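Remarks on the structure that follows.
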Amino acid sequence: MSAAVAAAAAAANAARVSSNRNSHHHRSSQTVSHRRTPFYPPSPQPALLVPVLSRYESLKRRDWNAFEQHLKERRPHLRLSQCSGVHVLEFLEDRFGDTKVHTQNCPLSVNRPEPPPPCSCPLMEAWSSLEGLVGRLRVAFEENGGQPETNPFNAPVVRMYLMEVKEAQAMGRGIAY
């Protein structure tokens, strides 16, 4: 029971006991009606409304917080207004994924034996994941006060990087674009 409900119940009980005592003292020739008024607990206060974020919004917030953390941990510290496409690439290259991208020197880039033997080719973030990440960060940058014309996530170097990752991963799977 909440404290407010308990306090209201105690106050109602005290008032009833007090009125019963008073009515016994003044009963001389009067007939007193002992009607009880029903106790209605106060309606609960509306809970603070916590907005329920969509999956996209929660991912965008998570990614934005990670990017801000990356800027804070960078030496020297970097303010958002100083950020360029090169800084975005540093952030993207720090991310590790689980997509195996075979280099041109790897024997698995040409032949695909079953099961594939282990190779030393790097694991990377999948192109589609990187593209989604950059898109969310592009929007978050502008929602956090950045100007569209200075958005580092729109930089040509970032678009070229995404295209190179897409092509490398496609070639690693034997798909030519």
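The values are calculated or read from the model by the stated rules, or taken from the named source; none is laboratory data. Owing to the predicted nature of the structure, the values given are computational and were not obtained by experimental measurement. With ideal geometry, Cβ positions are generated from the backbone for all residues, glycine too; neighbour counts draw on all protein chains shown.
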*asked:* Show the residue pairs meeting these rules: Cβ distance below 7 Å; 6+ apart or different chains; first residue within region 70-95 and at negative phi; second residue of a type in the set (Gly, Ala, Ser) and at pLDDT 85 or above.
replied: LEU80/GLY146; SER84/ALA155; GLY85/ALA155; VAL88/ALA155
*How about region 61-177: which helices (runs of 4 or more DSSP H) wholly inside it have at least 3 residues that are at pLDDT 95 or above and under 30 Å from PRO51 (Cα atoms)?*
127-143
